[in-house]
Every structure is written in structure tokens, then in C-alpha cells.
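Reading through the C-alpha cells given below for one structure.
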Amino acid sequence: MAGLLGRKLGMTQVFDPDDGRVERVTVIEAGPCFVTAIRRAERDGYDAVQLAFGEVREKKLTKPELGHLKKASVGALRHLSEFRGEPGELELGAEVKVDSIFERGQTVKVS
């Protein structure tokens, strides 16, 4: 599973000290995300991991959403998304951070 939820904070620029070039970069707050569901091929017909991101007051969520999040023992989180693929060693309620998935300098696709 190689995916993470986040939000765009803004744009900035980074200067290369060797040749003075300017690189435009997007600043993203990625994670921490929490595992709220694990889908298995035997039970659900496909393999996937559902992640939740973005704390919110409980008042902003419906009772079914709160019940789903409570089953995973995580707080009130707004955004839920599934990432297809083998869940690996992830467990329900586990916290997923950037450094646990990606390595420094690795190229990633952001959408």
C-alpha cells in the first residue's frame, strides 16, 4: 500500500545553492492518517485499505460515520479514502505517517 491523504498548504520556491536555479514547489501536509477499514479479497472481493485524515468536531459528522470511526478506535476524522492493493502488516486503527511509507528523495505522484 503506497498512498496517503493530505492537504495543500500553499506554494513556495527553493533555491539550488550550486547553480542558483529556482524550483517551484507545493507544500503539502500529508498525514498522519489512520486505518479505518481493511478490505480482503475473501470477504469483500478486493484488497484495499481505507484511510482517514483531517480532524473535525464530532458535531460535523453523522452517527453512522462516527460509528464506523469508533469501530477503528480513532477520533472524528473528515476525509476517508480507499487505496487498492495488499494491506501488508497494517492493522485497524494504526497510524500511518509519511516516513513509514516513503523514503527521502523518492518521486511520488500527487493528485
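The values are calculated or read from the model by the stated rules, or taken from the named source; none is laboratory data. This is a predicted model, so every value here is computed, not measured. Note that we place each Cβ from the backbone using ideal geometry, even for glycine, and neighbour counts take in every protein chain shown. What goes into the accessible areas is simple: the full protein's heavy atoms, side chains included, and nothing from ligands, DNA or RNA. Shrake-Rupley method; radii C 1.70, N 1.55, O 1.52, S 1.80 Å.
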Q | Single residue of the stretch 77-97 satisfying the filter (in contact (Cβ under 8 Å) with a residue 60 or more places away in the chain and assigned to a strand (DSSP E or B)) that is least open to solvent (accessible area, probe 1.4 Å) | A | Val96
Q) Among Glu55, Glu95, Glu29, Glu91, which is the only one that is within 15 Å of the chain's Cα centre (by Cα), among the charged types (D, E, K, R) and closer than 20 Å to Val110 by Cα? A) Glu29
Q: Answer yes if at least one residue in the stretch 28-50 is polar (S, T, N, Q) and touching a His at 6+ places or on another chain (Cβ under 8 Å), and no otherwise.
A: yes
**Q.** Number of the exception - Val74 against (1) in contact (Cβ under 8 Å) with a residue 60 or more places away in the chain; (2) farther than 30 Å from Gly105 by Cα; (3) among the β-branched types (Val, Ile, Thr)
**A.** (1)
Q. So is Thr12 farther than 20 Å from Glu91 by Cα and modelled with pLDDT of 90 or more or not?
A. yes
(Q) Could you list, ordered by first residue, the pairs with Cβ atoms under 8 Å in which the first is in the stretch 21-33 and hydroxyl-bearing (Ser, Thr, Tyr) and the second is open to solvent by 60 Å² or more (accessible area, probe 1.4 Å), at least 6 apart or interchain? (A) Thr26/Lys8; Thr26/Met11; Thr26/Val110
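Filter the stretch 1-55 down to the residues that are small (Gly, Ala, Ser) and under 25 Å from Gly85 (Cα atoms) and list them by number.
Applying the first criterion (small (Gly, Ala, Ser)) to the stretch 1-55 yields 2-3, 6, 10, 20, 30-31, 37, 41, 45, 48, 52, 54.
The answer is Ala2, Gly3, Gly6, Ala30, Gly31, Ala37, Ala41, Gly45, Ala48, Ala52, Gly54.
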Q.
Cβ-Cβ distance below 6 Å, separation of 6 or more or different chains: which pairs start in the stretch 2-16 with a residue that is outside any strand (DSSP E or B) and end on one that is at pLDDT 90 or above and open to solvent by 70 Å² or more (accessible area, probe 1.4 Å)?
A. Leu5/His79
